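Written below as structure tokens is the structure these notes are about.
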Amino acid sequence: MRAMIWIVVVLTVLLAGAVVADGVVRQQTEERIATEMAAGIPGVEQPPAVSIGGFPFLTQLMAGRLGSVHVTAPTATVEGLRLDDVVVELTGVATEAPFRAEHAVMKAMTTADAVEAVLSVELDLSVRDGSLVASTTVLGLPLDLVLVPRAAGREVEVDVTGFVLAGASVQSADLPGSITDQLQGIRFAVEGLPAGMTLTAVDITPDGLRLSAEGRDLALTAA
């Protein structure tokens, strides 16, 4: 009976040691991935927070592939476009640099002001009643345009669906050609995304635009 107790004690100690070692190596790997991503991906101002899923971790490490990695960053700037609350879910991540992921899904927020800063057309953007609205002036009168953004590869294209001139709805044919020509094909690029990742959705929220992107076989560090 005493021998059995000692066996249980030894096994408990070994298991506890294995769990501790697993946690230590997991943390070191998370820190390494975060450092590599911060150094290799443009626009990440500080190392992101990295969390590796799955247990035990050591078996994933020995296999050379992490099942899932959760990455968050408070801010990032891609080709001049500021993103906030960036969340990336990675699957099938290689454990050696250069890190690559088999699949990645990203969600991030951007504000109307941030979009306004990267547009080629001078417009005052805001979100009103669930719509993206651009304000300008025509012949000294205030003109509001109701915009619908949509994903288009590595760009966001904006369709104009309504015009309000001095508080009254108007048709595009009633506006000066110089104005309507500028409003056709409004778009802005999100070229700072990793190669192989494209936008899949653009949703309007009270705080701005929520961008969703997806990609496969992505390099998570600079070449």
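For Gly192, which sequence-distant residues (separation of 5 or more, or a different chain) have an amide H within less than 5 Å of its own amide H, given hydrogens modelled in the peptide plane?
Glu79
Could you please report the charge total around Met106, scoring K, R as +1 and D, E as -1 over all other residues with beta-carbon less than 10 angstrom from its beta-carbon? Can you show the working numbers first?
Working: positive: Lys107; negative: Glu89, Glu214.
It works out to a net charge of -1.
On full extension of the chain, what length is gained from Val87 through Asp124, given 0.36 nm per residue of separation minus the C-alpha to C-alpha distance? Provide the component values of the computation, followed by the final result.
Numbers: separation 37, 0.36 × 37 = 13.32 nm, distance 2.78 nm.
Full-extension gain reported as 10.5 nm.
Please state the equivalent ellipsoid semi-axes for the range 63-153: what are the square roots of 5 times the Cα gyration tensor eigenvalues, largest first, in whole Å? Write out the running numbers ahead of the final one.
On the way: eigenvalues 300, 29, 22 Å².
For the range 63-153, the semi-axes come out at 39, 12, 10 Å.
Read-outs throughout are calculated quantities, based only on the coordinates presented, and are distinct from any laboratory measurement. On a predicted model such as this, the values are computed, not experimentally measured, just so you know. Cβ atoms come from the backbone with ideal geometry, glycine included; neighbour counts cover every protein chain shown.
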